[in-house]
Amino acid sequence: MRTERLVQRLLGLAAGCSVAVTLLIFGFMVILGLPLATGGTFFRMFTSAWLPHQGVYGIAPMVAGTLSIASLAVVFSVPVSLGCAALISVLGSGPLPALLHRLVRFMTGIPTVVYGFAGIFLLVPLVREWAGRGSGMCILSAALLLGVLIAPTMILFFSDSFASVPRTYLEAAEALGATPVQKLLHVVIPCSWRGLTSGVVLALGRAVGDTLIALMIAGNATAMPGSVLEPARTLTAHIALVVAADFDSLEFRTLFACGIILYLCTTVMVIFTRRIGAAWEQQRW
C-alpha cells in the first residue's frame, strides 16, 4: 500500500509539474505581450501587414500563410493516409500490410530537415516547371511536403482505429456477402470516426506547429499571399526569422503574440479531441 501511494504521489507530482510548466510558459508569453493589449495594437496586428520600415508590425500575412499551408497539407494528406491505413488494416493481404506498416513507422523517425532538403532539390523544381513562373518555393510546395510529413501520424492513427473495430462486425458483413471495399465503407470507417477525427486534428496541430518545412520551402515572403503559387511565411517561421535588438520594441512584442496564437490553436485542438472522445464514450455506453 505504501508503495502504491508513493507511486501515485510521484505520478501526481509529475502531472502537476507538467501543467505548471505549461501554464508558466503561457503566462510568460502573455506578460511579455501585454503591452500590445494595453497599447491598443493587439487587434490591429491581425488586419495589418508586416512593414517594419514604416513602423507597422502586423501579422495578418503570417496568419494567412499558416492557415493556408496547414489546411492544404491536411487536404492533400487525408486521402493518401486513409488509403494506406485501409491497405494496412482491411484491404491488404500477404506481407504487404506488415511491410507498409514498418515503412510508415520508419518515416515518423526521419528528421524534418531531411524532408526539407529533399523538397528543395526534388519538389521545388517540379512545382516551378509545372507552374511556369516563380521560384517554386510557395504555398503549394510547402503544403505538399508538409502533407508527406504529417501523413505517418494520420496513417498510424487510422490503422489503429481500423484494427479496433470488433471482429464480429466484420464477420457479420462477410456473412451478408460484403466485399472488402464495402466492409471498409459501411462498417470500418463508421465505427472508427473517433480515431479518424483525432488523427486529423493531431496532424493539423503538427502542421500548424512545424517550422522547418515552411522555413525552407514556403519562400518566407511577408506579403499577403494571393494564390497557392505565391510564397508565404508562417507564424513559426516568423518567430524563427525575426531578430529584434530592442527587447522593448513593438517588433519584439509581436513575436509573443504569434506564440500566444499558436498556443491557443493547440489548446483548442486538444479540447476538441477530448470532446470527441467523451462524446464517443457516452454514445458507446
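The numbers here are math on the coordinates, done by the rules we state, and not lab data. What you are looking at is a predicted structure, and each value in this text was computed from that prediction instead of being measured. No Cβ is skipped: glycine too gets one built from the backbone with ideal geometry, and neighbour counts run over all protein chains shown.
General observations
- Entry for volume of the Cα convex hull per residue in Å³ (calculated from the structure that is shown) out of (i) 141; (ii) 202; (iii) 119: (ii)
- Formal net charge of residues neighbouring Phe162 (Cβ-Cβ distance under 13 Å; K, R +1; D, E -1): +2
- Entry note, region 47-94: relative contact order of 19 percent, from Cα contacts under 8 Å with a spacing of 6+ residues.
- Amide hydrogen neighbours beyond the local backbone of Trp50, cut-off 5 Å, H modeled: Gly58
- Exposure proxy ranking for Ser192, Ser93, Ser71, based on other Cβ atoms within 10 angstrom of each Cβ and starting from the fewest, stands as Ser93, Ser71, Ser192.
- Ranked by how many other Cβ atoms sit within 10 Å of their own Cβ, fewest first, the residues Phe26, Phe106, Phe256, Phe162 fall in the order Phe106, Phe26, Phe256, Phe162.
- Take every Cα pair under 8 Å whose residues are at least 6 apart in sequence, average their separation, divide by the length of the chain, and the relative contact order is 26 percent.
- Gain upon complete extension [Leu96, Ile271; 0.36 nm per residue less C-alpha separation]: 59.4 nm
- Relative contact order of region 1-158, taken over Cα pairs closer than 8 Å and 6 or more residues apart, is 23 percent.
- Residue order, fewest to most surrounding Cβ atoms within 10 angstrom, among Val148, Val80, Val75: Val75, Val80, Val148
- Local electrostatic count, Ala218, Cβ distance below 11 Å [Lys/Arg +1, Asp/Glu -1]: -1
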